[in-house]
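Undergrad: Okay, here's the structure, questions in a sec.
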Amino acid sequence: MALLDILIYPDNRLRDIAKPVDGVDDSVRVLLDDMLETMYEAPGIGLAATQVGVNRRVVVIDVSEDKNTPLVLINPEILSSAGEGVGEEGCLSIPGIYEDVKRAAEIRFRALDRNGESYEMDADGLLAVCVQHEVDHLDGKLFVDYLSALKRNRIRKKMQKSEKPR
Amino acid sequence: MRSVAKSDDSIRLTAVRTLTSVVADGKSLGELLPAARQNLDTRGAALLQELTYGAARWSYRLDALLLKLVNKPLRNRDADVRVALWLGLYEAEYMRTPDYAVTDSYVRLAKKLGKPWARGLINATIRKFFRERETLLASLAEDEVAETAHPAWLLKMLSADWPEQHPSIAEAGNARAPLVLRVNRRQLNRTQMLDALSTAGIAARPHELADDAILIDGNAQVERLPGYENGHFSVQDVAAQLAAVLLDAQTGHRVLDACAAPGGKTCHILELQPSVDLISLDSSASRLLRVEENLARLDLTAKTVCADASDTANWWDGQPFDRILLDAPCSALGVLRRRPDIRRLRRESDIPVLASLQLDLLQALWPLLAPGGRLVYATCSVLRRENEQVVGRFLDATSDAREVPLEVDWGYECLHGRQILPGQHEADGFYYAILQKV
């Protein structure tokens, strides 16, 4: 297992649209393990392959309190959504920024697990938000895109400034 | 995604806003909480649930306490401050939050509510409660509304309808409801489900009242119970599990579930008898989605139709039904233990409106029933005006309807039908009557 570098906004690669995984093989499983390690280390509750510069539709999530319930989403699809709610979000690619985002309150999604088996799941609360946030990453979308242009520009400037000394 | 750890203070603020919306805007916790707990972790969501449900459950008691603590009642536009004080008193009295933490947290909340002027009021009120706790609580004993935490109009109706049982009805309305499962007998039997629960280390026991019911002792997260994703069970109170049994649908029957959402009873009908032609009707498209989700999860099939059941010209194809389940819209006063906010949302004037709606539905659906067919009328109310009186008025006006007596050992016999009172058989309050077309 290895820690991966997380791309920082406004890196252009965060805008790439990830390609579906053809078959879940050992190379995908190595990526999953590395992504999980990177997510736990960050620490985060979700990480999309796009954020580590890998252009594939792979997501790892763990919203449990004890960090012992990893969830793997390969080629995830949101099948239905209901309700809406506003909650504060943060992103491993946009450190230090937390803003309110409006999302569906409940969703149903389909994905492949680490064995390539398809599964469907209903999610609400934090898990529902996290799945929507990570699936957005696979489509090159970031939570700051939901903010006003003014707010987003302010965040971009702030991030560009803080990026230089790195 | 990075986690946003919510402080207890921010959860308290959400709790105040949520409960204020119940009190001031007439919204239910059921519709408010899914959005409010968005982004909260498990612990935060549990705290929000405990605060809002708990303070709603005891709100009439907490409000009586508050009136003894403040010099003059709070203005209507300060409903949020009033709710914040309920929550503070709730934490102090029911949650064992340390006294200093209650005072500090709720004083800080005044500013977050944009009402810094309320700091002094909150501080003085909560401190006074701690100083005079014993005397204050003792003084509530004489006040029936405070003692039972039920509104006066409801106490009056309950004691008129149930002169002997009304104290235990109120008590059951304040209790915490157990988690009850309905095993999907298409997939496994109750013994197998109990074994799976026992293997998962979850204390559970069969429920005497219904063949598929399992009662879970203690707290459990539904999504984590074994077999949830595979549709091995549904969550449904045991009293509601009697509906499909009483309906007694047979192979080849045409069946209507007239007010179906969220679909618990629709699914149970199909689990008991898959070879029926079932139409699952509801007037709310969004709630009908829940029916479809439940059908899909349990791997069952029914035709779902979005329509107002009484507007039969608009949705009925003219083919009569052998069975109709009318789980009628009602006051839900039998399920206060599961929906404590009902006592804040219902008004005395709702009851006659509901009763005439219920009678209208019965009369509109009756012509759809085939001769010899059976209609089960159900509510989760305990009021005679919504139950036996509706059925009585219907029978008086309908010459081809007769009542099928319920020869069962549960509940109380009424003039028509039978009533399970809340807490009886560890069940929700529920009413059933069976009508047959001659």
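Undergrad: Mind listing whichever residues of the range B:221-260 are at pLDDT 95 or above and within 14 Å of another protein chain (Cβ to nearest Cβ)?
TA: B:SER234, B:VAL235
Undergrad: Can you name the condition, by its number, that A:GLY23 falls short on among (1) assigned to a loop (DSSP other than H, G, I, E, B); (2) under 12 Å from the mean Cα position of the chain (by Cα)?
TA: (2)
Undergrad: Filter the range B:283-311 for residues that are among the β-branched types (Val, Ile, Thr) and either modelled with pLDDT of 95 or more or open to solvent by less than 30 Å² (accessible area, probe 1.4 Å) (or both) and give the result.
TA: Scanning the range B:283-311 gives B:VAL291, B:THR304, B:VAL305.
Undergrad: What about B:SER399, is it closer than 23 Å to B:GLY26 by Cα, assigned by TED's automatic domain parsing to the domain that holds B:SER310, at pLDDT 95 or above and of a type outside the set (A, V, I, L, M, F, W, C)?
TA: no
Undergrad: Also, quick follow-up: For B:LEU87, are the conditions met, namely being over 23 Å from the mean Cα position of the chain (by Cα), closer than 20 Å to B:PRO151 by Cα and more than 14 Å from every other protein chain (Cβ to nearest Cβ)?
TA: no
Undergrad: Being touching a residue at least 60 places away in the same chain (Cβ under 8 Å) and either of a type in the set (Lys, Arg) or open to solvent by 10 Å² or more (accessible area, probe 1.4 Å) (or both) is the filter; apply it to the range B:320-332 and report the residue that is nearest to B:LYS156 (Cα to Cα).
TA: Taking the range B:320-332 as the starting set, the residues that turn out to be touching a residue at least 60 places away in the same chain (Cβ under 8 Å) are B:320-329.
From what is left, the residues that are either of a type in the set (Lys, Arg) or open to solvent by 10 Å² or more (accessible area, probe 1.4 Å) (or both) are B:320, B:322-323, B:327, B:329.
Details: B:PRO320: 42, B:ASP322: 40, B:ARG323: 36, B:ASP327: 26, B:PRO329: 22 Å.
The residue in question is B:PRO329.
Undergrad: For B:ALA110, indicate whether it is in contact with a Pro (Cβ under 8 Å, 6 or more places away or on another chain) and not in a loop (DSSP other than H, G, I, E, B). If you could, list the steps in order and put the result at the bottom.
TA: On the way: in contact with a Pro (Cβ under 8 Å, 6 or more places away or on another chain): yes; not in a loop (DSSP other than H, G, I, E, B): yes.
The answer is yes for B:ALA110.
Undergrad: State all residues of the range B:59-72 that are open to solvent by 50 Å² or more (accessible area, probe 1.4 Å) and in contact (Cβ under 8 Å) with a residue 12 or more places away in the chain; if no residue qualifies, say none.
TA: B:LYS68, the sole residue that qualifies.
Here's the yes/no breakdown for (1) in contact with a His (Cβ under 6 Å, 6 or more places away or on another chain); (2) in contact (Cβ under 8 Å) with a residue 40 or more places away in the chain; (3) more than 29 Å from B:ASP248 (Cβ to Cβ):
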site	(1), (2), (3)
B:PRO167	no, no, yes
B:GLY173	no, yes, yes
B:VAL180	no, yes, no
B:ARG185	no, yes, no
B:THR191	no, no, no
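Undergrad: Next question, about the same structure. When you look at B:SER280, is it without any contact (Cβ under 8 Å) to a residue 60 or more places away in the chain, open to solvent by 30 Å² or more (accessible area, probe 1.4 Å) and not aliphatic (A, V, I, L, M), yes or no?
TA: So B:SER280 fails the test.
Undergrad: Pairs needed: first member in the range B:20-45, over 10 Å from B:ASP341 (Cβ atoms); second member anywhere, assigned to a helix (DSSP H, G or I) and small (Gly, Ala, Ser); C-beta distance under 7 Å; at least 6 residues apart or different chains.
TA: B:THR20/B:ALA79; B:ALA24/B:ALA79; B:ARG37/A:GLY125; B:ARG37/B:ALA45; B:GLN38/A:GLY125; B:LEU40/A:GLY125; B:ALA45/A:GLY125
Undergrad: In the set B:LEU215, B:LEU256, B:LEU225, which member is on the phi < 0 side of the Ramachandran plot, in the same structural domain as B:ARG186 (by TED's automatic domain parsing) and crowded, with 20+ Cβ neighbours inside 10 Å?
TA: None of the others qualify; the one that does is B:LEU225.
Conditions tested, residue by residue: (1) more than 26 Å from the chain's Cα centre (by Cα); (2) open to solvent by 70 Å² or more (accessible area, probe 1.4 Å); (3) farther than 22 Å from B:LEU247 by Cβ.
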{"residue": "B:ARG339", "(1), (2), (3)": "no, yes, yes"}
{"residue": "B:ALA370", "(1), (2), (3)": "yes, no, no"}
{"residue": "B:LEU395", "(1), (2), (3)": "yes, no, no"}
{"residue": "B:HIS416", "(1), (2), (3)": "no, no, no"}
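Undergrad: In this structure, does A:ARG29 turn out to be modelled with pLDDT of 95 or more, under 22 Å from A:VAL129 (Cβ atoms) and either more than 13 Å from chain B (Cβ to nearest Cβ) or open to solvent by 70 Å² or more (accessible area, probe 1.4 Å) (or both)?
TA: For A:ARG29, the condition - modelled with pLDDT of 95 or more, under 22 Å from A:VAL129 (Cβ atoms) and either more than 13 Å from chain B (Cβ to nearest Cβ) or open to solvent by 70 Å² or more (accessible area, probe 1.4 Å) (or both) - is not met.
Undergrad: Then there's this: Which count do you get for residues in the range B:6-27 that are at pLDDT below 85 and facing chain A (nearest Cβ under 10 Å)?
TA: Counting residues in the range B:6-27 that are at pLDDT below 85 and facing chain A (nearest Cβ under 10 Å) gives 1.
Undergrad: Please specify each residue of the range A:32-77 satisfying the condition of being open to solvent by 10 Å² or more (accessible area, probe 1.4 Å), within 14 Å of chain B (Cβ to nearest Cβ) and acidic (Asp, Glu).
TA: A:GLU41, A:GLU65, A:ASP66
Undergrad: While we're looking at this one, here's another question. Quick test for you: out of B:ARG43, B:ARG96, pick the one residue that is of a type in the set (Lys, Arg), part of a helix (DSSP H, G or I) and open to solvent by 30 Å² or more (accessible area, probe 1.4 Å).
TA: Just one listed residue meets the conditions, B:ARG43.
Undergrad: Can you name every residue in the range A:78-98 that is assigned to a strand (DSSP E or B), more than 7 Å from chain B (Cβ to nearest Cβ) and open to solvent by less than 40 Å² (accessible area, probe 1.4 Å)?
TA: A:ILE94, A:ILE97, listed by residue number.
Undergrad: Considering each of B:PRO422, B:PRO352 in turn, give the residue that is out of contact with any Pro (no Cβ under 9 Å at 6 or more places or on another chain) and crowded, with 22+ Cβ neighbours inside 10 Å.
TA: B:PRO422
The values are calculated or read from the model by the stated rules, or taken from the named source; none is laboratory data. The structure presented is a predicted model; accordingly, all values stated were derived computationally and were not measured. Please note: Cβ atoms are built from the backbone with ideal geometry, for glycine as well, and neighbour counts cover all protein chains shown. Protein only, heavy atoms only, side chains kept; ligands, DNA and RNA dropped before computing areas. Shrake-Rupley method; radii C 1.70, N 1.55, O 1.52, S 1.80 Å.
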